[in-house]
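Structure first, then comments.
Every read-out reported here was derived from the displayed coordinates using simple, explicitly stated rules and does not represent laboratory data. Just so you know, these numbers come straight off a predicted model, no measurement behind them. Backbone-built Cβ (ideal geometry, glycine too); neighbour counts: all protein chains shown.
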Amino acid sequence: MTRKQRFDRRSYLKAVGAAATTAVVAGCLDDDDDNVINPGTASGFPPFEFTEDGELVGFDIDLAEEVIERAGYEVGEWTDIEFDSLIPSLTEGNIDMIAAAMTITDDRAETIAFSNPYYEADQAVLISDDADFSPETVEDLEGLIVGAQSGTTGEGQLDELIEDGIVDEDDARQYENYTLGVQDLEAGNVDALILDVPVAQNFADSREVQVAFIIETGEEYGFGLRQEDERIDDLNAALDEIQEDGTYDDLVDEWFE
Ligand code: ARG
């Protein structure tokens, strides 16, 4: 699907949405809240979710909207917040679905439900193009200042490095998002960042940074739902359909080189 078509589809949906609102006002339609899914994300994680000319865009945004619509629901308002705030927002009911390249972990699954997996990724160690060191293994990170986004599995890797005595606790940096981390990497304020491979590669293609090596974690991303939300079955069925009919591959082609 081209970008143009995507936007056409959105404006079409907006028009249909407006008509539906009129119908509700006229009392012809049941204004059923269960029909609307308000997704939440944490931008600054290209190409999954980022802002372009003030608009929230990316693979997760398109995939989540497609899944919601195919499942027969309506896409409500997107909320863009810090990654750390997504799970509390979901359980409190401020958002209904997390679409944020979120890795399915046992820890998180104690609090929220995950859809079937929709993407696989490992962790990468990102360094500046100007770096005068070239780490090849985690042991080589000894003595370096290393950062990750708060609440991510990348931060989990960093915590392990601290526990193993490889990185000093005082040399660990937490970022609200990876865009800020990459700025610090380019400015020389941090030596290395740990983050998901596809995002690290995206930054390497567009900024003065490079992937030094990969930590194989075999993570899988899932959409997050409240544990009691029964709509998850419909969303999983829609995800299956999208993966089988080529829509998923089209989105991959569009957002990943
Ligand atoms: N996959 C990693 C995790 O689940 C990082 C996700 C960060 N996502 C984001 N939208 N910033 O912890």
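Taking (1) within 16 Å of the chain's Cα centre (by Cα); (2) in contact (Cβ under 8 Å) with a residue 40 or more places away in the chain in turn, E52 satisfies each apart from (2). Kindly establish whether I162 is in a loop (DSSP other than H, G, I, E, B), away from the ligand (no atom under 16 Å from the Cβ) and aliphatic (A, V, I, L, M). So I162 fails the test. Is it the case that T179 is within 13 Å of the ligand (Cβ to nearest atom), in contact with a Pro (Cβ under 9 Å, 6 or more places away or on another chain), among the β-branched types (V, I, T) and in contact (Cβ under 8 Å) with a residue 12 or more places away in the chain? Answer is yes for this residue.
Looking only at the stretch 92-103, residues that are closer than 23 Å to A238 by Cα and surrounded by fewer than 19 Cβ atoms within 10 Å (Cβ to Cβ) come to 1 in all. Taking the stretch 92-121 on its own, how many of its residues are within 13 Å of the ligand (Cβ to nearest atom), assigned to a loop (DSSP other than H, G, I, E, B) and either free of Cβ contacts under 8 Å to residues at least 40 places away in the same chain or of a type outside the set (A, V, I, L, M, F, W, C) (or both)? Residues in the stretch 92-121 being within 13 Å of the ligand (Cβ to nearest atom), assigned to a loop (DSSP other than H, G, I, E, B) and either free of Cβ contacts under 8 Å to residues at least 40 places away in the same chain or of a type outside the set (A, V, I, L, M, F, W, C) (or both): 3 in total.
Output yes when any residue across the stretch 133-153 is in contact (Cβ under 8 Å) with a residue 60 or more places away in the chain, at positive phi and surrounded by 15 or more Cβ atoms within 10 Å (Cβ to Cβ), and no when none is. Yes, the stretch 133-153 contains a residue that is in contact (Cβ under 8 Å) with a residue 60 or more places away in the chain, at positive phi and surrounded by 15 or more Cβ atoms within 10 Å (Cβ to Cβ).
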